[in-house]
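Comments concern the structure below.
The values are calculated or read from the model by the stated rules, or taken from the named source; none is laboratory data. Just so it is clear, the structure is predicted and the values come from calculations on it, not from any experiment. Please note: Cβ atoms are built from the backbone with ideal geometry, for glycine as well, and neighbour counts cover all protein chains shown. In case anyone asks, the SASA skips ligands and DNA or RNA and just uses the protein heavy atoms, side chains included. Shrake-Rupley method; radii C 1.70, N 1.55, O 1.52, S 1.80 Å.
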Amino acid sequence: AKGPYAALRKQVIGQSAGALLEAALPGLLRALPQPKKMRWGRQAEAFIRPVHWLVALLGDEQLRFEFAGVTAGRQTEGHRFFGSTLLIQSADIESYTAGLQAQGVVVEPTVRKRQIVEGARALATEVGGTLVEDDELADVVSWLVEAASPLLGTFEPRFLELPDAVTITTLKSHQKLFTIRGEDGKLVNRFVAVANTLTEDSREEVAQGNARVVSARLSDALFFYEQDLKQRLEDYTPMLSRQVYLKGLGSMSDKVGRIVALAQGLAETLCPEQGETTARAAQLCKADLATRLVIEFTSLQGQIGEQYAIKTGESAAVGQAIREHHLPRF
């Protein structure tokens with residue numbers, strides 16, 4: 001009923017896995033997810049970083065293809081300062097990992113991360129403290145080093161005047177440093193840095209270099225903190241009218257007005273005795289968005305609001321509500 005039709009039988013000659021991989025790998029490399037690519041020299045191929053060498057093996061067979069102006073081979077490199085050239089004889093992960101380990105490179109990221117955390121904990125214990133655990137930071141640092149070498153550093157005690165959250169965030173965001181708490185649970189003026197090119201001769205120099213940068217960053221944070229506290233938290237609320245909340249939904253000040261109305265309505269129904277506290281917390285809950293510290297470290301919103309609220313005369317309950325209205329953070 002559909003009319004005449006034809007059929008054919010086509011024979012496709014098989015190819016070796018090696019030949020298929022040689023044809024496919026350049027395209028697979030280009031398809032790797034890369035938020036930002038770069039070009040270097042006269043190279044037209046864009047990639048996340050300059051490509052210095054490629055190792056491509058199928059068993060003992062060396063695959064031959066070109067990508068980003070580099071021809072694939074068997075040669076890789078160890079640690080950029082402490083290692084040397086390594087020829088890979090076969091596609092065996094155990095010998096590959098062991099070979100690079102001997103050249104100063106820890107291949108497995110989970111092993112690097114474990115070394116960072118265990119080393120940082122040991123250093124914190126050395127100074128009678130405990131490490132401020134931060135899995136996210138440990139994960140980031142594990143991708144910044146080939147072989148982790150944690151070391152202790154010191155910053156000036158005057159910076160302990162800052163709220164703990166400010167110190168922790170400053171060291172984490174700018175320098176990827178871990179902080180340490182003392183036996184009383186408060187931060188001490190020590191930090192743990194993780195170096196990639198550390199020798200015994202350079203340990204003190206690297207620690208001092210980190211300390212200089214930490215001092216500059218914490219000086220900025222302390223300045224912002226002291227300037228912010230020259231006003232009451234409520235004095236920042238008028239500035240919210242200049243911050244757009246969302247196009248079509250007005251300013252952050254407009255949002256606060258809606259929060260106040262909703263919070264008061266809920267309080268009247270659920271906890272009338274907390275009505276005044278609820279209204280005050282709602283009025284101040286976004287005020288810290290206009291402070292210098294939160295403009296610098298947006299992740300501290302709420303935490304800074306609580307600190308400033310209590311320091312400028314608000315009740316602990318109001319401060320707690322300002323912090324908790326951001327929860328859950330994840």
(message) For Glu146, only one of the following conditions fails: (1) out of contact with any helix residue (DSSP H, G or I) (no Cβ under 9 Å at 6 or more places or on another chain); (2) among the acidic types (Asp, Glu); (3) at pLDDT below 95. What is its number?
(response) (1)
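Has the stretch 24-33 got at least one residue that is more than 26 Å from Ser90 (Cα to Cα) and without any contact (Cβ under 8 Å) to a residue 12 or more places away in the chain?
Going residue by residue through the stretch 24-33, those that are more than 26 Å from Ser90 (Cα to Cα) are 33.
Keeping just the survivors that are without any contact (Cβ under 8 Å) to a residue 12 or more places away in the chain gives 33.
Yes, the stretch 24-33 contains a residue that is more than 26 Å from Ser90 (Cα to Cα) and without any contact (Cβ under 8 Å) to a residue 12 or more places away in the chain.
Matching residues to (1) touching a residue at least 40 places away in the same chain (Cβ under 8 Å); (2) surrounded by 13 or more Cβ atoms within 10 Å (Cβ to Cβ); (3) within 25 Å of the chain's Cα centre (by Cα):
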position	(1), (2), (3)
Gly3	no, no, no
Leu8	no, no, no
Ile13	no, no, no
Lys37	no, no, yes
Val51	no, yes, yes
(request) Give the residue, chosen from Glu45, Glu61, that is among the charged types (D, E, K, R), out of contact with any Phe, Trp or Tyr (no Cβ under 9 Å at 6 or more places or on another chain) and surrounded by 11 or more Cβ atoms within 10 Å (Cβ to Cβ). (result) Glu61
(request) Pull up the stretch 46-83, narrow it to residues that are among the charged types (D, E, K, R) and assigned to a loop (DSSP other than H, G, I, E, B), then point me to the one that is nearest to Pro33 (Cα to Cα). (result) Arg49
(request) Would you check if there is a residue in the stretch 279-287 being charged (D, E, K, R), in a helix (DSSP H, G or I), modelled with pLDDT of 95 or more and out of contact with any Phe, Trp or Tyr (no Cβ under 8 Å at 6 or more places or on another chain)? (result) yes
(request) Select from the stretch 277-313 the residues that are open to solvent by 10 Å² or more (accessible area, probe 1.4 Å) and β-branched (Val, Ile, Thr) and write down the one among them that is nearest to Asp254 (Cα to Cα). (result) Thr278
(request) Only residues that are open to solvent by less than 70 Å² (accessible area, probe 1.4 Å), assigned to a loop (DSSP other than H, G, I, E, B) and closer than 25 Å to Thr169 by Cα: list them for the stretch 200-258, please. (result) Leu229, Gln231, Gln243
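How about the stretch 86-159: which helices (runs of 4 or more DSSP H) wholly inside it have at least 2 residues that are basic (Lys, Arg)? Let's see the steps before the verdict.
Details: elements: 93-102, 109-126, 135-142.
The qualifying helices (runs of 4 or more DSSP H) are 109-126.
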(message) Restricting to the stretch 257-313, name every residue that is touching a residue at least 12 places away in the same chain (Cβ under 8 Å) and among the acidic types (Asp, Glu).
(response) Asp288, Glu296, Glu306
(message) Scan the stretch 171-191 and tell me whether some residue there is among the acidic types (Asp, Glu), surrounded by 15 or more Cβ atoms within 10 Å (Cβ to Cβ) and assigned to a loop (DSSP other than H, G, I, E, B).
(response) no
